[in-house]
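Worksheet: the structure to be examined is printed underneath.
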Amino acid sequence: PIIINKTTTLQAVAFKGNKSSEIYTKTYLIDENTEFMVVALTVEPDILNNPQTGWLHKGPNADSIYPYINANYWSRREVSANVEMFENDGTLVFSDKVGLKLFGGMSRTFEHKSFTIATREIYGEKRINHRIFPDKKQKKYKHLVIRNAGSDCEKAHFRDPFMTGLLNGVDIEKQSYRPIIYYVNGKYWG
């Protein structure tokens, strides 16, 4: 048996001879009572944490001055990851493999990175079939951005949604927003 007493992500795979099953990923939320949607992202740890190539590190090719051009976090590469989305009542509304890329401009230099999630048939589902934004009629999404609050990342964390919220009631396209609790590889990210 595996004892789980705190929020964590487990991955399992079965082997028979030289064949293996698909990797099964499951995030267990323990004592996570929240009014927010929870998004749990699971990605190969080296993609984020390898000191030479990981997206969370500058790496050996980074320029020595800000904004550290050629740092690992300027990568445009898409990788396979698993995402699970839980509504604020704990209901699992999406769980599948997705494409994952870093997102943003100068905000890539901040500790917490923004990510784009892309559903693609090569990974699994073609769409996330859930009303992510309760105030919108749209129920299917091919791409979502998990934002670090952009240039407001290390400050108030609410200026972008506040500014776009000023357009509520105006018939114009605008960015939707929903605060979430976010986990990466079973660790709280904000």
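Tabulated data
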| quantity | calculated |
| --- | --- |
| The chain, relative contact order in percent, only Cα pairs under 8 angstrom and at least six apart counted | 19 percent |
| Three-way shape label, the stretch 1-96, alpha-carbon gyration tensor, a/c 1.5 | oblate |
| Residue with peak Gaussian network fluctuation, the chain [Cα springs, cutoff 10 Å], from ALA118, ALA14, ALA40 | ALA14 |
| Ordering of 163-172, 28-37 by packing [mean C-beta count within 10 Å, highest first] | 28-37, 163-172 |
| Shape call, the stretch 116-190: gyration tensor on alpha carbons, a/c limit 1.5 | oblate |
| Portion, in percent, of the accessible area of the chain that falls on carbon or sulfur, probe 1.4 Å | 52 percent |
| Candidate aspartates and glutamates for bridging to LYS58, where Cα separation is under 16 Å - those fewer than 8 sequence places away on the same chain excluded | ASP46, GLU111 |
| For the chain: rounded, prolate or oblate by the Cα gyration tensor [a/c cutoff 1.5] | oblate |
| By average C-beta atoms within 10 angstrom, highest first, the peptides 67-78, 178-189, 133-144 | 178-189, 67-78, 133-144 |
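The values are calculated or read from the model by the stated rules, or taken from the named source; none is laboratory data. Quick caveat, the model's predicted, so the values are computed rather than measured. Cβ: placed from backbone, ideal geometry, glycine included. Neighbour counts: every protein chain shown. The protein model used for the area step is the full one, side chains on, heavy atoms only, and it has no ligands, DNA or RNA in it. Shrake-Rupley method; radii C 1.70, N 1.55, O 1.52, S 1.80 Å.
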